[in-house]
Amino acid sequence: MKNEIVRIPVDGEHIEGALELPEHPIGLVLFAHGSGSSRHSPRNNYVAGVLRDQSIGTLLMDLLTPEEDRDYSRRFDIDLLVERLLDATAWVKQKPGISKLPLGYFGASTGAAAALRAAARDDSIAAVVSRGGRPDLAPPDALAKVKSPTLFLVGGQDFGVIELNEQAYAELTCKKQFVIVPGATHLFEEPGTLEQVALQAADWFEKLFRKTAVS
């Protein structure tokens, strides 16, 4: 396993990320966290660990600089988060050793909107997963442009967010799947629910990364 703290250039500054690669990675997933979270999110780190067990590399990163994060409004600046995610994607595509790997996005909460909007602008992204996401924060015209196969994972007890996901899901024209995790609330804190999310995400990415590598 290769572990590396990386500095990704953005707007004359840098954002930091944790790049972890299994021995023979079949792809790399970039994580877009929800507002107020960071690359240290225990839930996303758990998911990332399961992905690495399936030979999938992970890049968990802070899309805001420390100074920007102190400005509460920036955490909900989806436009900025999209640009940062695209900056990180461009950086990955130029980094020796990982530049040729199939890429995926994993977005949580508001990060899901950023992931989908970024995928709408970069059709090389092999797969997208939204966990308890707010894809409704991506406008319908952006959702319609997403070509990356997309999986929505929503808690069965996440009332209100289920309906928002259903509305956004209807706008997608790509290959897609909608999964409700029984008994889960928004943060998937109930026993076994986050494990279900991680396993379903790993399966989604693995199938699509292998398909991309073959094609």
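Only the coordinates and a few stated rules stand behind these numbers; no lab work does. These numbers were taken from a predicted model, which means no experiment stands behind them. A quick note on method: Cβ atoms are made from the backbone with ideal geometry, for glycine too, and the neighbour counts reach across all protein chains shown.
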From phi via Karplus (6.51, -1.76, 1.60), per-residue ³J(HN,Hα) for the stretch 10-20 in Hz, x at Gly/Pro = 8, 6, x, 10, 9, 10, 9, x, 10, 9, 10
Between the residues Gly12, Val47, Pro149, the Cα farthest towards the positive end of the dipole of the chain, that dipole coming from +1 and -1 charges on the beta-carbon of Lys, Arg, Asp and Glu, is from Pro149
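Order the peptides 197-206, 14-23 from the highest to the lowest mean number of other Cβ atoms within 10 Å of their residues. It would help to have the intermediate numbers written out before the result.
Numbers: 197-206: 20.9, 14-23: 17.5.
Sorting 197-206, 14-23 by mean packing, highest first, produces 197-206, 14-23.
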Above-threshold pairs, the threshold being 19 Å between Cα atoms, out of Lys2/Lys100; Lys176/Lys211; Lys2/Lys207 = Lys2/Lys207
About its Cα centre, the chain carries a charge dipole, from +1 on Lys and Arg Cβ atoms and -1 on Asp and Glu Cβ atoms, whose size in debye to the nearest 20 is 760
What are the DSSP H helices in the chain that stretch 20 Å or more along their long axis, judged by alpha-carbon atoms, and whose average Kyte-Doolittle hydropathy comes to at least -0.5?
-> 78-94, 193-214
From the coordinates shown, Rg and Dmax of the Cα atoms in Å corresponds to which of [x] 17.6, 51; [y] 19.3, 66; [z] 15.6, 45 = [z]
Net charge of neighbours whose Cβ lies under 13 Å from the Cβ of Val197, counting Lys and Arg as +1 and Asp and Glu as -1 | -3
Sites Lys2 and Asp53, calculated FRET efficiency, Cβ-Cβ separation with R0 22 Å, nearest 0.05 = 0.90
Let me know the Kirkwood hydrodynamic radius for the stretch 76-193, please, with Cα pairs as the basis and the value in Å to one decimal.
-> 14.4
Between Lys207 and Lys100, what FRET efficiency follows from the Cβ-Cβ distance if R0 is 22 Å, with the result rounded to 0.05?
-> 0.70
In whole Å, what three semi-axes, largest first, describe the equivalent ellipsoid of the stretch 31-91 built from its Cα gyration tensor (square root of 5 times each eigenvalue)?
-> 23, 14, 8
